[in-house]
Amino acid sequence: MSLLIPLLDAGTQAPQHHPWPRAELDREAWTRLTLHLAGGELDLLGLWGEPDRVHMAVRAPETGEIAAFTLLCPVGTFPSVGLAHPPAIRLERSIQDLFGLTAEGAEDTRHWLDHGAWPTGTPLGTPSAPPAHAYVFLPVHGDNLHEIPVGPVHAGIIEPGHFRFTADGETVVRLEQRLGYTHKGTEGLMQGATLDHAGRLAGRVSGDATVAYAAGFARAAEAALGLTPPPRAVWLRALMGEIERIANHIGDFGAICNDASFAIMLAHCSMLRERLLRAADACFGHRLMMDRVVPGGVATDIAPAGVAALHALLPDFRERLDQLVDLYDSTASLLDRTVTTGFVKPEYVRRFAAGGHVGRASGRNFDCRKTPGYAPYDALHFEVPVLEEGDVNARVWIRIHEMRTSLGLLNQLLDGLPSGPVRAELPAGHGEGLSLTESFRGDVLIWLRLRDGRVERCHLRDPSWFQWPLLETAVFGNIVADFPLCNKSFNCSYSGADL
Amino acid sequence: MRRTLLESLTRRPATEPAPVPDAADLAALAQAVDGAARRRLGRSLAIRQVDAGSCNGCELEIHALNNPYYDLERFGLHFVASPRHADVLLVTGPVTRNMREALERTWHATPEPKWVVAAGDCAATGGLFATSYACHGAVDTILPVALRIAGCPPTPTALLKGLLALLQG
């Protein structure tokens with residue numbers, strides 16, 4: 001039975017929202033919606049603001065239906081979603097910081113993105129005074145506990161964020177994250193931008209997932225304008241997306257092992273990654289394929305030399321990967337570090353609707369290439385790996401399975417690549433679009449409203465929003481020295497979630 | 001394990017010849033790095049990377065410098081965990097306002113002589129984010145910059161050329 005149809009009927013449907021409907025609700029229906037989320041009947045896909053309203057995108061896991069809902073906030077407040085459904089808490093704190101809209105009854109009202117350093121508070125709403133008081137971490141009580149503050153500048157070459165550990169001897173009893181350091185104001189810069197410029201910004205929300213973001217932005221814009229990009233462009237996007245997935249997974253595979261001091265794996269994996277990036281460069285003229293996916297299609301067709309480079313690389317890549325997987329699986333001292341470490345409860349993964357390897361290693365079978373699915377994946381054969389163990393080892397294995405799947409997809413994509421143009425002219429129209437795109441990290445949600453061919457408002461929700469909080473649970477009871485392993489096995493994006 | 005190790009012993013190294021630094025980079029550096037300081041450093045530079053708000057694209061390519069193809073450490077260049085051990089801060093990102101304090105504190109924790117390399121278009125010019133309410137823009141609005149490495153992100157070869165210029169300039 002459909003949950004969403006009665007809710008959509010209870011509101012006023014937006015006329016030009018594609019491909020899924022959006023309805024404006026009253027407060028009573030909005031509250032009903034939050035209770036469905038809390039009851040586990042709906043997954044939260046995103047919660048974002050505008051100066052006078054909040055939007056929410058949800059999915060019914062039973063039926064696969066997706067819809068967006070809107071609540072007008074004439075007095076600058078809305079009934080809290082996070083109060084009943086914790087995955088919304090950080091999103092509400094961000095809405096408060098950017099737009100000045102307050103979640104009524106929310107328990108945690110501390111600032112999230114706003115660290116008191118911007119020229120004004122609530123920069124995307126009515127500008128206000130920046131927060132004056134210092135950030136307060138949640139208190140931890142107990143005997144013999146000590147705190148370990150880490151960051152925002154970390155010891156390695158990684159993004160900035162602050163981790164506040166509370167440890168009992170060597171054992172972590174609590175972790176509190178404080179993020180927002182890389183907030184660049186991307187959504188603010190998008191307002192009024194041309195589609196090309198906004199697409200470039202979307203490709204820099206999280207650099208490691210630049211193809212997925214650019215494709216997600218393009219798909220949302222094309223949905224809003226009712227344009228179907230040429231088939232060759234759609235296949236090339238998938239080709240780039242799968243190269244990006246393998247490149248990230250092989251890098252993570254090596255880096256996770258390196259965090260257990262098994263450096264030989266990092267050396268071999270980083271060589272495979274380098275060879276793949278060079279092939280990507282040969283195909284599309286950029287190692288990370290930045291700015292190659294654009295609204296309307298792709299910016300460059302694949303170079304013949306690139307096709308040859310991929311054909312030459314793929315069989316060897318697969319063979320060397322098999323060899324490295326054997327090495328991983330037969331090194332007991334390494335498995336000793338990854339098996340049972342950093343366990344994420346399947347119940348949490350379901351509640352947070354966590355995507356990517358974090359979700360799939362804890363039993364959540366969701367990959368938006370399959371459901372709701374999008375072109376060209378409906379024409380390709382692939383399996384979505386799911387494991388139940390939920391530990392670092394399971395997240396490594398999900399990556400291994402996905403790399404093998406993606407290598408198969410690359411062969412299918414190269415063999416079946418349709419001929420024809422790679423870019424279509426975009427009409428300068430109005431409309432709203434929503435897209436879900438599977439990055440290597442999980443589902444990226446992008447919503448936008450276009451007016452006269454420009455972006456009026458765009459929201460980009462990284463998969464990390466629903467994974468970061470689970471990392472806080474995963475390190476519980478682990479030793480401090482295993483945090484890098486847990487963290488790398490998640491590999492959440494700082495920039496993606498900070499925006 | 002045995003097979004992987006044996007193969008590594010019998011195969012030729014993957015490491016590639018060093019790129020030659022650009023003349024323009026060398027000329028720009030002549031004033032920044034004076035001879036006395038260079039003599040004190042010898043042929044070694046300790047690098048502390050600071051992400052001042054990048055999209056993480058630059059970090060991916062900086063990581064690649066450590067892979068066997070580029071093998072940064074053969075040049076005496078190596079990444080260190082603390083600014084107190086560093087000669088060079090390799091800064092990426094459009095210096096978000098939320099990262100300014102951390103960047104400045106990292107700079108103050110670095111002993112003299114020290115240099116800042118702004119890696120990537122965001123750090124060099126502010127990039128697409130120069131006009132944002134949340135960013136300061138180029139790193140040189142906050143710290144003195146000795147060298148800029150362009151690119152979005154700069155390729156490992158471009159990064160290597162820049163860092164070698166710092167050693168040889």
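Since every read-out is calculated from the coordinates, none of them should be taken as a lab result. Keep in mind it's a predicted model, so treat the numbers as computed, not measured. Ideal geometry is used to build each Cβ from the backbone, glycine not excepted, and the neighbour counts take in all protein chains shown.
The figures follow:
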| quantity | calculated |
| --- | --- |
| Given charges at Cβ of Lys, Arg, Asp, Glu: segment A:24-127 dipole, positive-most of A:ALA84, A:THR34, A:GLY125 | A:GLY125 |
| Filtered GluC sites (Glu not before Pro), segment A:1-85: DSSP coil and at most 16 other beta carbons within 10 Å | A:GLU41, A:GLU62 |
| Candidate lysines for bridging to B:LYS114, where Cα separation is under 22 Å - those fewer than 8 sequence places away on the same chain excluded | B:LYS161 |
| All lysines inside 21 Å of A:LYS488 as judged from Cα atoms, apart from same-chain residues fewer than 8 positions distant | A:LYS345 |
| Projected-area mean, segment A:4-104, by convex hull of Cα positions, square nanometres | 5.9 nm² |
| Charge dipole (debye, nearest 20) of segment A:226-310; +1 at Cβ of Lys and Arg, -1 at Cβ of Asp and Glu | 180 debye |
| Gaussian network model of chain B, Cα within-10 Å springs - most flexible of B:ALA18, B:ALA146, B:ALA81 | B:ALA81 |
| Shielding by partners - mean other protein chain Cβ count within 10 Å, residues of A:181-193 | 6 |
| Pairwise label distance in nanometres, B:ARG105 with A:ILE479, each label 7 Å out on the Cα-Cβ vector | 2.9 nm |
| Segment A:288-386: GluC sites (Glu not before Pro) falling in loop per DSSP and having at most 16 other Cβ within 10 Å | A:GLU383 |
| Calculated FRET value between A:GLU28 and B:SER44, using beta carbons and R₀ = 60 Å, to 0.05 | 0.30 |
| Extreme residue, positive dipole direction of the protein assembly as shown, given options B:HIS78, A:LEU276, A:MET403 (C-beta unit charges) | B:HIS78 |
| Shielding by partners, peptide A:268-280 (average Cβ within 10 angstrom, other chains) | 3 |
| Helical segments meeting 20 Å axial Cα length and Kyte-Doolittle 0.0 threshold in chain A (DSSP H) | A:210-225, A:231-259, A:263-284, A:304-329, A:392-416 |
| Student exercise, chain A dipole from Lys, Arg, Asp, Glu Cβ charges, in Debye to nearest 20 | 860 debye |
| Value of [θ]222 nm, deg cm²/dmol, for chain B, DSSP H segments ≥ 4, -39500 (n - 2.57) each, nearest 500 | -10500 deg cm²/dmol |
| DSSP bridge pairs, the protein assembly as shown: antiparallel proportion in percent, nearest 5 | 70 percent |
| Dipole of the protein assembly as shown, positive end: most advanced residue of A:ALA299, A:SER489, A:TRP468 [Cβ charges, Cα centre] | A:ALA299 |
| Ranked by how many other beta carbons lie within 10 Å on average, peptides A:71-77, A:354-360, A:118-124, A:454-460 from highest | A:354-360, A:454-460, A:118-124, A:71-77 |
| Within segment A:223-243, backbone nitrogen closer than 13 Å to the virtual label 7 Å beyond the Cα of A:ALA424 toward Cβ | A:223-235 |
| Neighbour-limited loop hits for GluC sites (Glu not before Pro), segment A:157-235 (at most 15 other Cβ within 10 Å; DSSP other than H, G, I, E, B) | A:GLU170 |
| Inter-chain Cβ neighbour average for residues B:132-138, partner chain, 10 Å | 6 |
| C-alpha long axis of helix B:156-168 to longest principal axis of chain B, angle in ° | 80 degrees |
| FRET E, pair A:LEU414, A:ASP316, Förster distance 25 Å, beta-carbon r, rounded to 0.05 | 0.95 |
| Estimated 222 nm signal from helices in chain A, with DSSP H stretches of n ≥ 4 weighted -39500 (n - 2.57), rounded to 500 | -12500 deg cm²/dmol |
| FRET efficiency estimate (nearest 0.05) - Cβ-Cβ, A:HIS197 to B:ARG74, R0 51 angstrom | 0.80 |
| Point-charge dipole on Cβ atoms (K/R +1, D/E -1) for segment A:4-104, about Cα centre, debye to 20 | 160 debye |
| Dimensionless Rg ratio for the protein assembly as shown, taking C-alpha atoms and the 2.2 N^0.38 Å reference | 0.93 |
| Residue-span extension gain [A:SER2 to A:GLU147] - 0.36 nm each, minus C-alpha spacing | 47.4 nm |
